1. Would you mention how many residues in region 41-56 are over 11 Å from V72 (Cβ atoms) and touching a residue at least 24 places away in the same chain (Cβ under 8 Å)?
2. Which residues, taken from region 41-61, are within 16 Å of F8 (Cβ to Cβ), surrounded by fewer than 18 Cβ atoms within 10 Å (Cβ to Cβ) and of a type in the set (A, V, I, L, M)?
3. Scan region 7-48 residue by residue and report those that are under 14 Å from the mean Cα position of the chain (by Cα) and among the small types (G, A, S).
4. Return the residues of region 1-57 that are among the basic types (K, R) and in a loop (DSSP other than H, G, I, E, B); say none if nothing qualifies.
5. Keeping to region 58-75, report how many residues are among the basic types (K, R), part of a strand (DSSP E or B) and closer than 20 Å to K87 by Cβ.
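Derivation of every value follows stated rules applied to the coordinates shown; laboratory data play no part. Nothing here was measured: the structure is a model prediction, and the numbers come from that model. Don't worry about glycine lacking a Cβ; one is built from the backbone with ideal geometry, like all the others, and counts go over all protein chains shown.
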Amino acid sequence: MADKHIEFSEEARIEFHKAKCYMEFTGKANEFWVDVERQLNLIADYSEAFQVRYKNIRIVPLERFHYTIHYVAKPYGVLVYRFLNQKQDF
């Protein structure tokens with residue numbers, strides 16, 4: 001991973017935890033974390049390569065799972081603002 005630091009908002013921590021619990025329940029935890037780590041590495045290495053979508057927030061989808069990582073590029077690295085399930089009913 002790049003030398004840049006990745007921080008998570010409290011909401012993102014909670015959302016990651018919910019996703020982790022669900023993936024463990026379905027037996028897909030290992031595949032899920034490989035996908036998450038791949039995208040976090042990409043964000044850390046190329047944080048400003050993705051389009052700003054709203055309020056300085058950039059969005060990167062996971063490749064295999066229906067989640068998106070919403071983040072802000074900061075001088076020190078990256079702040080993961082949200083981790084959202086795209087198949088969720090609200």
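1. Final tally of qualifying residues: 3.
2. Selection gives A44, I57, I59.
3. Result: S9, A12, A19, A44, S47.
4. K4, K28, K55
5. Within region 58-75, residues that are among the basic types (K, R), part of a strand (DSSP E or B) and closer than 20 Å to K87 by Cβ number 0.
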